[in-house]
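Worksheet: one structure, shown below.
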Amino acid sequence: MDGATEQSLWADQTIEALRSRGHRSGAARSAVIELLGRQHCCLTAQEIFDQLRGEGRRVGIASVYRALDQLTRDGFVQRIDIGADTSRFEPVHTGGEHHHHLVCDDCGKVEAFEDDELDRALRNVEGRTRYSVAGHDVVLRGACETSAVEPRSSG
């Protein structure tokens, strides 16, 4: 299954699961789900709000936060703390597909990456510690290629 199909499937499954749990269909929540279903990496609540407004969707920032809180509580969305009191959000896929994140401390850019060896190492930790790990976040911080070559201003 390609990435676009998987993302669309996540949005459809999430909306149906909420409906089957008795949640009413809210326009803001549906808009947030549909937007997250089209993303390849995590977004802040403000970025979600800005993109929805840019698409002409009439949603309030408080509605975006409420939708994200519910989706996180219900296990459909993962909240990722990237530091500096900033959280980002992305879909949780039922098949366990996931990626990790690189965060540039200079420009704030966030990039997704996958690493099979890292995932194997994390599974080994689970086996050695006998913990049943339900999930994990790996956020690596540093300077992106652009920031690493540009001199920092001293103010």
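The values are calculated or read from the model by the stated rules, or taken from the named source; none is laboratory data. What you see is a predicted model; the values in this text were computed from it and never measured. Here the Cβ positions follow ideal geometry from the backbone for every residue, glycine too, while neighbour counts run over all protein chains shown. The accessibility values were calculated without ligands, DNA or RNA, using every heavy atom of the protein model including side chains. Shrake-Rupley method; radii C 1.70, N 1.55, O 1.52, S 1.80 Å.
Could you tell me which trypsin sites (Lys or Arg not before Pro) in the stretch 1-107 are loop residues by DSSP with no more than 15 other beta carbons within 10 angstrom of their beta carbon? Intermediate results must be reported in sequence, preceding the final value.
Values: sites: R19, R21, R24, R29, R38, R53, R57, R58, R66, R73, R79, R88; in loops: R21, R24, R38, R57, R58.
Sites meeting the loop and neighbour criteria: R21, R24, R38, R58.
Select from D74, D116, D50 the residue whose mean-square fluctuation is largest in a Gaussian network model of the chain (Cα-Cα springs shorter than 10 Å).
D116
Quick one: grab the alpha carbon gyration tensor of the stretch 8-152, order the square roots of its eigenvalues as a ≥ b ≥ c, and give me rounded if a/c is under 1.5, else prolate or oblate depending on whether a/b is larger than b/c. List each step's numbers first, then the result.
Working: a/c = 2.36, a/b = 1.21, b/c = 1.95.
It comes out oblate by the Cα gyration axes.
Between the stretch 9-30 and the stretch 73-119, how many Å separate their Cα centres?
Using only Cα atoms, the two centres lie 22 Å from each other.
Quantify, in whole percent, the carbon and sulfur part of the accessible surface of the chain (1.4 Å probe; protein heavy atoms only).
The C+S portion of the solvent-accessible surface of the chain is 47 percent.
Relative contact order for the chain: what is it in percent, counting Cα pairs under 8 Å that are at least 6 residues apart? Don't skip to the answer; put the middle values down first.
Numbers: 156 pairs, mean separation 27.0, N = 155.
Over the chain, the number comes to 17 percent.
When you count, for each residue, the other Cβ atoms within 10 Å and take the mean per peptide, how do 134-141, 106-113 rank with the highest first?
Highest mean packing first, the order is 106-113, 134-141.
Taking the Cα atoms of the stretch 4-89, what is the range of coordinates along each of the three principal axes, in descending order and whole Å?
37, 26, 25
Check Q78: other-chain or 5+ apart residues with amide H under 5 Å from its amide H, H built from backbone geometry?
Under 5 Å from the amide H of Q78: E90, V92.
Give, as a single signed number, the net charge of other residues whose beta carbon lies under 11 Å from the beta carbon of L43, with Lys and Arg counted +1 and Asp and Glu -1. Display every interim value, and only then the final one.
Values: positive: R38, R88; negative: E47, D50, E90.
Neighbourhood net charge equals -1.
What does the accessible area per residue of the stretch 16-88 come to in Å², with a 1.4 Å probe and no ligands, DNA or RNA counted? Kindly include the intermediate steps, with their values, before the conclusion.
Numbers: 4070 Å² over 73 residues.
With all protein chains present, the stretch 16-88 gives 56 Å² per residue.
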